[in-house]
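For reference, the structure discussed in these notes is given below.
The values are calculated or read from the model by the stated rules, or taken from the named source; none is laboratory data. Only a predicted model underlies this, so the values are computations on that prediction, with no experimental measurement involved. Heads up, the Cβs are rebuilt from the backbone with ideal geometry, glycines too, and the neighbour counts pull from every protein chain shown. Only protein heavy atoms, including side chains, enter the accessible area calculation; ligands, DNA and RNA are left aside. Shrake-Rupley method; radii C 1.70, N 1.55, O 1.52, S 1.80 Å.
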Amino acid sequence: MSNSFRFYNSLTRKVDEFVPNEEGKVSMYTCGPTVYHYAHIGNIRTYIMQDVLVKALEYAGYDVKRVMNITDVGHLSSDADTGEDKMLAGAKREHKSVMEIARFYTDAFFKDFAAVGNKKPDVIEPATNCIPEFIHMVQVLLEKGYAYQAGGNVYFDTSKLDDYYVFSSAIEKEELQIGVRDDVEEDSNKRNKTDFVLWFTKSKFEDQALKWDSPWGVGYPGWHIECSCISMKHLGERLDIHCGGVDNMFPHHTNEIAQSESYLGHKWCNYWFHSNHLNDRAGKMSKSKGAVLTVSVLQEKGYDPLVYRFFCLQSHYRKPLEFSFDVLDSNVGTFNKLVKRVAELKADGAVDEKVKKEFEDKFRAAISDDLNTSMAITVLYDALKADTNDATKLALVESFDKVLSLDLIGHATSLSEETEVDPELLEYINQQIEKRAEAKKAKDFATADAIRNELLSRGVEIKDTREGVKWQLV
Ligand code: AMP
Ligand code: ZN
């Protein structure tokens, strides 16, 4: 690979040059959502930044295979194996079965995931699909002496490792040890405080819905085992990149490494990519806090989901990002101005390949430098200002959008249609939009819907947005 690609590796705690196991190819694993509730816009920030990582690697010439799990069993309300099963709690909350909850929130997740321009991973695997693989890994860990049975459960014995806290500095290790010691909920079966459950049979929750037979009795897997097994099932024993949010580093990813490397007997994953959180003014967004702000809710409020992506791309993935509607509103304005500039470009003449390459190199350098997305957007603005013809600029917008995925050309086309349509039709559309607004004001939603449908039958789709009603030809 001729281009250098670098990003921060949590394992070495520095920005590392990326060298894959197999030249030109990247195996990537992503911790997927726990589908007991909607994914909030914070979760989606994490998946946007991972999508940028995939597309930036592809822009640099790599062939990426990405696998994601869906956690539909085994994740307890505390990441340290205490509390209630999140899926069971979700099912109780909504008086549905665990599988119904899983299906509903998996669909909701992928709807929002796609709406912000993310490409679906190549493989998506629910944890409940892979129970035999989990049982096999637990068996091998027991045989190798890394695991033990106690009180009906199977635990991983962290005292067998020389370095359990792989992601932490010496000071952080001490803090984590104190944190673990102070953990109020004790599991007396554990030999060491940091040990974690590989397989539960002795459940505190007699009503645990999903259970499977195993050599240790009927039960269900711990949370961490799923990612190790699903990753190895599809990507083999040597993984290039493992992704997640910063909260996944401990204990989840720490435990994944412990069990995977003990099972394999060699190093498992070379690069660990962790993105920072989205916070609101009250602090970290959390699914378990109840009311969650989702991408779909943003859409219902009239925001374009790609404006949310645009907002995320302007800050660095390793920094916490604070969300507010004021900031999102200002992004709506900036995004619309950008679209307008693209809409003004006329595809005239031939693309100047020399200029195109020059800007593409700059863009690639920015995005390959620890995903400097804000610099990549600056390169886009520089290209739009450049002393070259519109055809070249359009080609560059199209090229950069392979990574940015803001659908700039699509938005610009809709905007142009709005201004270029036949004046008679334009007048009619505007009249109907006004009539619909009046009907809505009078709460006559039947008329409002009829107007929308009538326009649609003429090939005009209308949308309610923050900046008022917009329409496009379909
Ligand atoms: P979960 O469904 O809770 O397992 O979370 C899905 C992903 O979202 C994980 O990779 C988390 O690290 C990440 N995540 C959780 N909370 C936030 C947040 N406030 N901002 C960004 N990412 C988050
Ligand atoms: Zn995981």
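Here are some notes:
- Looking only at the range 14-58, and only at residues there that are among the polar types (S, T, N, Q), open to solvent by 10 Å² or more (accessible area, probe 1.4 Å) and within 20 Å of Asn248 (Cβ to Cβ), the one that is farthest from ligand 2 (Cβ to nearest atom): Ser27
- Selection within the range 350-363 - open to solvent by 70 Å² or more (accessible area, probe 1.4 Å) and assigned to a loop (DSSP other than H, G, I, E, B): Ala350
- Boolean, Ala282 is away from ligand 1 (no atom under 16 Å from the Cβ) and either closer than 25 Å to Lys402 by Cα or of a type outside the set (Val, Ile, Thr) (or both): no
- Any hit, the range 199-222, residues being more than 30 Å from Tyr308 (Cβ to Cβ) and within 13 Å of ligand 2 (Cβ to nearest atom): yes
- The range 459-474, subset outside any strand (DSSP E or B) and touching a residue at least 24 places away in the same chain (Cβ under 8 Å), residue most open to solvent (accessible area, probe 1.4 Å): Arg466
- Scope the range 241-267; condition surrounded by fewer than 22 Cβ atoms within 10 Å (Cβ to Cβ) and hydrophobic (A, V, I, L, M, F, W, C); matching residues: Val246, Met249, Phe250, Leu264
Each row is one residue, and each column tells you yes or no for (1) under 26 Å from His316 (Cβ atoms); (2) of a type in the set (Asp, Glu); (3) open to solvent by 40 Å² or more (accessible area, probe 1.4 Å).
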{"position": "Ala366", "(1), (2), (3)": "yes, no, no"}
{"position": "Lys385", "(1), (2), (3)": "yes, no, yes"}
{"position": "Asp390", "(1), (2), (3)": "no, yes, no"}
{"position": "Val397", "(1), (2), (3)": "yes, no, no"}
{"position": "Leu426", "(1), (2), (3)": "no, no, yes"}
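- Some residue of the range 297-316 being within 30 Å of Ala91 (Cβ to Cβ), in contact with a Phe, Trp or Tyr (Cβ under 8 Å, 6 or more places away or on another chain) and open to solvent by less than 50 Å² (accessible area, probe 1.4 Å): yes
- Within the range 261-276, considering residues that are in contact with a Ser or Thr (Cβ under 8 Å, 6 or more places away or on another chain) and within 16 Å of ligand 1 (Cβ to nearest atom), the one farthest from Phe18 (Cα to Cα): Ser275
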